[in-house]
1. Quick one: which residue in Ser90, Ser46 is surrounded by fewer than 20 Cβ atoms within 10 Å (Cβ to Cβ), polar (S, T, N, Q) and touching a residue at least 24 places away in the same chain (Cβ under 8 Å)?
2. Residue by residue through the stretch 1-24, note down the ones that are small (Gly, Ala, Ser), exposed (fewer than 15 other Cβ atoms within 10 Å of the Cβ) and outside any helix (DSSP H, G or I).
3. Under 6 Å between Cβ atoms, which residue pairs at least 6 apart in sequence (or on different chains) link something in the stretch 13-33 that is touching a residue at least 60 places away in the same chain (Cβ under 8 Å) with a partner that is buried (at least 16 other Cβ atoms within 10 Å of the Cβ) and not in a loop (DSSP other than H, G, I, E, B)?
4. What are the residues in the stretch 25-43 that are farther than 22 Å from Asn83 by Cβ and loosely packed, with under 12 Cβ neighbours inside 10 Å, if any?
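Since every read-out is calculated from the coordinates, none of them should be taken as a lab result. Every value quoted in this text rests on a predicted model; they were computed, and no experiment measured them. Positions of Cβ are backbone-derived with ideal geometry, glycine not excepted, and every protein chain shown enters the neighbour counts.
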Amino acid sequence: MDVYVAPVGEGVGEALEASRMLREAGLRVYVDLMGRRLSRQLEQASKLGVRAVVIVGHREAERGVVALRDMEQGVQREVAVENLVEEVLSIVRPPRRRGPSSRRCSR
């Protein structure tokens with residue numbers, strides 16, 4: 001699982017739209033539709049070992065933003081919906097560091 005989408009309050013429709021966007025980008029997405037409180041959803045995401053949680057509330061969605069939580073870093077920030085896929089990918093698939101070259105010199 002790459003991403004856990006946590007709807008808050010009446011944000012279910014917006015959560016389903018966010019999950020569609022993320023799935024179209026090739027991410028594996030879990031959407032919590034059980035109506036649990038946010039704290040329970042975050043516990044479930046932690047149990048599943050998910051790195052990114054997208055928190056979707058109706059008020060935030062009206063402003064065109066969602067909350068994105070990096071579960072490993074413990075950092076949460078607002079992200080514009082149009083940048084959601086890119087921001088999630090930066091968490092779940094960070095750029096690889098370039099190590100020493102393994103190429104051999106030809107003589």
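1. Details: Ser90 fails: touching a residue at least 24 places away in the same chain (Cβ under 8 Å).
After applying the criteria, what remains is Ser46.
2. Selection gives Gly9 alone.
3. Within 6 Å, the pairs are Ala18/Val5; Ala18/Val54; Ala18/Val56; Met21/Val85; Leu22/Val3; Leu22/Val29; Ala25/Val85; Leu27/Val3.
4. Leu33, Met34, Gly35, Arg37, Ser39
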